[in-house]
Amino acid sequence: MGINSGNLSYSESVQSHYFVSELYNNILDKLKTIGVDLNNVKRTDLSSVDEFHVRGLEVSKELAQQITSSNLKVLDVGCGLGGPARMIADEKSCTVTGLDLSQEFIDTAKALSKLVNLDSKTTFLKGDALDLPFERNSFDIVWTQHVQMNIFEKKKFYSEIFRVLKTGGKFLYYDIFKSSDNDINYPMPWASRQDLSHLIKIAELEKILNSIGFNSFSQKNQTNAGLASIKQMLSHIKKFGPPIMGLNVLMGKDTKQKILNAFNHFDQGDLQLWSGFAEK
Ligand SMILES: C[S@@+](CC[C@H](N)C(=O)[O-])C[C@H]1O[C@@H](n2cnc3c(N)ncnc32)[C@H](O)[C@@H]1O
């Protein structure tokens, strides 16, 4: 969407929301602090920071159960730091391409893959989900988690996914949807301000996917599982303070307010978490 916020374009405003300087070095410092040997970092040592969505690695592994063959070509749209991409490459023996708007996240994703020896099975590039730099019918699986909330042009977003997916391929998603018309309080983990957030209801997603030509849908309401996980995170922060290595590394100084706002809206029934898949 071409909204200008101050001197920044919409895309620059989203990038600015997610920007963390010196992210890779910061993560290395945190790993050292919690006692991880930097010459022997395992993929799962990174999970508390490189899975930027409610319920982290656990829910990614659950979604990945839909990937039932190896050697597939997978695209992660809005891949962040590449945790889900590395998990799929490692556990499902697939080659995974991750694309993200944030140059900082892409640089960090590449460096983290190298650190855990998964750089031969993962590729990361900076790009816009609304203009995917791939030929049509390029991927067996297209995957996206917690990205579309930043995107106003939903039909364009899902049409691009449809275009690059092979016929018979699977689209897998895990996302946040609105479930009431009440106002939402910001900051949220995905948007410091309301104008960076574009929430739709799950029924609207189904309509959009249908209209584009996807078929054979399956959806799962993940809200209760998400709420339980956020509750646990909040009580951990209350008892012990912010974790050394957690999503606070990405969400910055207002992490607690972002988590609290998300929790309250899930709890009050304004927001829901859904995972699902559709076929082309
Ligand atoms: C909450 S993070 C989720 C990251 C990752 N999917 C994960 O679950 O770990 C949202 C990500 O979407 C990316 N993003 C937002 N709008 C985008 C766009 N138009 N094109 C590509 N990436 C985008 C952001 O840069 C950010 O990395």
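Couplings 3J(HN,Hα) for the stretch 191-198, derived from phi with the Karplus relation 6.51 cos²θ - 1.76 cosθ + 1.60 (θ = phi - 60°), are 7, 6, 9, 4, 6, 9, 10, 9 Hz, where x marks Gly and Pro. Each principal axis of the stretch 40-193 carries a Cα extent, and these read 46, 37, 28 Å when sorted largest first.
Which entries in K32/K73; K32/K170; K61/K121; K155/K220; K207/K258 show an alpha-carbon gap greater than 27 Å?
Values: K32/K73 34 Å; K32/K170 39 Å; K61/K121 18 Å; K155/K220 21 Å; K207/K258 30 Å.
Going by Cα-Cα distance, K32/K73; K32/K170; K207/K258 fall outside the 27 Å limit.
Karplus-based coupling profile of the stretch 11-22, in residue order and whole Hz: 4, 5, 5, 5, 4, 5, 4, 8, 5, 9, 7, 6, with θ = phi - 60° in 6.51 cos²θ - 1.76 cosθ + 1.60 and x standing for Gly or Pro.
Rounded to the nearest 20 debye, what is the charge dipole size of the stretch 57-127 about its Cα centre when +1 sits on each Lys and Arg Cβ and -1 on each Asp and Glu Cβ? Intermediate results must be reported in sequence, preceding the final value.
Values: 8 positive and 9 negative charges, 47 e Å.
Its charge dipole is roughly 220 debye.
The three principal axes of the Cα atoms in the stretch 1-89 give end-to-end lengths of 43, 37, 22 Å, sorted in falling order. Sites count as exposed loop sites when they are GluC sites (Glu not before Pro), lie in a DSSP loop, and have at most 16 other Cβ atoms within 10 angstrom; the longest stretch of the chain without one is 154-280. In sequence order, the stretch 99-104 has phi-based couplings of 10, 8, 6, 8, 4, 4 Hz under the Karplus curve 6.51 cos²θ - 1.76 cosθ + 1.60, θ = phi - 60°, and Gly or Pro positions carry x. Charged side chains reduced to their Cβ positions (Lys and Arg at +1, Asp and Glu at -1) give the stretch 162-223 a dipole of some 360 debye around its Cα centre.
Less than 5 angstrom separates the built amide H of G169 from those of K280, all sequence-distant by 5 or more or on a different chain. Pairwise inverse Cα distances across the chain, averaged and inverted, put the Kirkwood hydrodynamic radius at 19.0 Å. Normalised by the number of residues in the chain, the mean separation of alpha-carbon contacts (under 8 Å, six or more apart) gives a relative contact order of 20 percent.
Fully extending the segment from D195 to N182 would add 3.1 nm, taking 0.36 nm per residue of separation and subtracting the current Cα-Cα distance.
All of the numbers you see were taken from the coordinates with simple rules; none came from a lab. Nothing here was measured: the structure is a model prediction, and the numbers come from that model. Quick reminder, even Gly has a Cβ in these numbers, built from the backbone with ideal geometry, and neighbours come from all protein chains shown.
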